[in-house]
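The values are calculated or read from the model by the stated rules, or taken from the named source; none is laboratory data. Treat the numbers as computed from the prediction; the structure is a model and nothing was measured. With ideal geometry, Cβ positions are generated from the backbone for all residues, glycine too; neighbour counts draw on all protein chains shown. SASA here: full protein model, heavy atoms, side chains in, ligands and nucleic acids out. Shrake-Rupley method; radii C 1.70, N 1.55, O 1.52, S 1.80 Å.
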Amino acid sequence: MSRIGRMPVAVPAGVTVDIKDGNVVTVKGPKGTLERTFAPEMKIELKDNEVLVSRPNDNKKEKALHGLTRALIHNMVVGVTDGFTKTLEVNGVGYRAQKQGKKLVLSLGYSHPVEMEDPDGVESKVDGNKIIVSGISKEAVGQYAAEIREKRAPEPYKGKGIKYADEIIRRKVGKTGKK
């Protein structure tokens, strides 16, 4: 039995969970509403402010879906109550990030500034050399942060580029001159 899948998801006060037929789960909370359709094999039920996920049998596919379904529902509940944030750092001489309305403008050493539009439900803020991406959907926040990082991933020699705040870059030793 899946250890994660067995654990109930606690529904805090102020959050409503609605489970429709076809395994469509809607979670409403103070920060917003999230909706997701889950695999029809899983049995999702709401009992005394807890969401329980169970699987019909021990097939490999159902075992894999069991923990996943529970984790996704948990992330939805956390998202509508607290939200998710990812912090990125811009490192390098002349590398800058600015906010212009809903646009994130990055100067990353290219011949042109890179402009990125904030997707729906995700907001980005610039604080010095830090970019803070926040929203209620963990998936959307992570995806947008990854797309920002992709514009200039950190290189191993000087560490220039955009990296996650908690990311450690493996540094390499550069070339040495011949004498």
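Of note:
- Whole-number percent relative contact order across the chain, with pairs defined as alpha carbons under 8 Å at least 6 apart: 18
- Selection from Ser54, Ile148, Gly94 lying farthest towards where the dipole of the chain points positive, charges on Cβ: Gly94
- Using the Cβ-Cβ distance between Asp18 and Glu139 with R0 set to 22 Å, the FRET efficiency from 1/(1 + (r/R0)^6) comes to roughly 0.65.
- Overall dimensions of segment 1-160 as given by Cα atoms, namely Rg and Dmax in Å: 19.6, 58
- Nearest-ten-degree value, helix 138-150 long axis tilted from longest Cα axis of the chain: 20
- Ordering Thr69, Thr33 by accessible surface, largest first, gives Thr33, Thr69; the 1.4 Å probe counts only protein heavy atoms, with every chain in place.
- Seen against the Cα atoms of the chain and their longest principal axis, helix 60-81 is set at about 70 degrees.
- At most 16 other Cβ within 10 Å, DSSP loop - trypsin sites (Lys or Arg not before Pro), segment 120-151: Lys151
- Kirkwood-type radius of segment 38-114, with distances r between different C-alpha atoms, in Å: 16.6
- Cα centroid separation, segment 2-32 to segment 155-179 (Å): 43
- Scaling the Cα radius of gyration of segment 1-47 by the globular reference 2.2 N^0.38 Å produces a ratio of 1.22.
- Per-residue ³J(HN,Hα) for segment 17-30, Karplus 6.51 cos²θ - 1.76 cosθ + 1.60, θ = phi - 60°, Hz, x for Gly and Pro: 10, 10, 10, 9, 5, x, 6, 9, 9, 10, 10, 10, x, x
- A compact globular protein would have a Cα radius of gyration near 2.2 N^0.38 Å; the ratio found for segment 134-179 is 1.61.
- Fully extending the segment from Ala153 to Val173 would add 5.4 nm, taking 0.36 nm per residue of separation and subtracting the current Cα-Cα distance.
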